[in-house]
Amino acid sequence: MSEVQLLIKSPSYNEDFRLPLNLTSTVKELKERIAQEHPSRPPAERQRLIFAGKLLQDNDVLKDILRLVRIFIPYISIIK
């Protein structure tokens, strides 16, 4: 499985947070990892993740979201 390094930006945390995840992971799995590992521990059910101006749905798969993007480290914003 391929892994991607995501850069997580949050308005409630001043520093960017990097999170490695498999490309086959869903947005729901990403939210669960953020809830466990992000310093501010935002609950998964309260997270709204945005990438490239699009609100991500829990059943979206990372490889489908990122396949057309050619940036070195994709970043995703958390809106609580």
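The values are calculated or read from the model by the stated rules, or taken from the named source; none is laboratory data. Just so you know, these numbers come straight off a predicted model, no measurement behind them. Glycine gets a Cβ as well: all are built from the backbone with ideal geometry, and neighbour counts include every protein chain shown. When the accessible area is computed, the model is the full protein with side chains, heavy atoms only, and any ligands, DNA or RNA have been set aside. Shrake-Rupley method; radii C 1.70, N 1.55, O 1.52, S 1.80 Å.
Details
Yes or no, residue by residue, for (1) of a type outside the set (Phe, Trp, Tyr); (2) at pLDDT 90 or above; (3) open to solvent by 80 Å² or more (accessible area, probe 1.4 Å):
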site: TYR13; (1), (2), (3): no, no, no
site: GLU29; (1), (2), (3): yes, yes, yes
site: ALA35; (1), (2), (3): yes, yes, no
site: ASP58; (1), (2), (3): yes, yes, no
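- Residue tally, condition among the charged types (D, E, K, R) and either touching a residue at least 24 places away in the same chain (Cβ under 8 Å) or surrounded by 11 or more Cβ atoms within 10 Å (Cβ to Cβ) (or both), over the range 37-56: 3
- Matching entry among LYS54, LYS80, LYS63 (being modelled with pLDDT under 95 and in contact with a helix residue (DSSP H, G or I) (Cβ under 7 Å, 6 or more places away or on another chain)): LYS80
- Remark: pairs (first residue in the range 1-22, under 11 Å from SER40 (Cα atoms); second residue of a type in the set (A, V, I, L, M, F, W, C) and open to solvent by less than 50 Å² (accessible area, probe 1.4 Å); Cβ separation under 6 Å; 6+ apart in sequence or on different chains) = SER10/ILE78; PHE17/ILE8.
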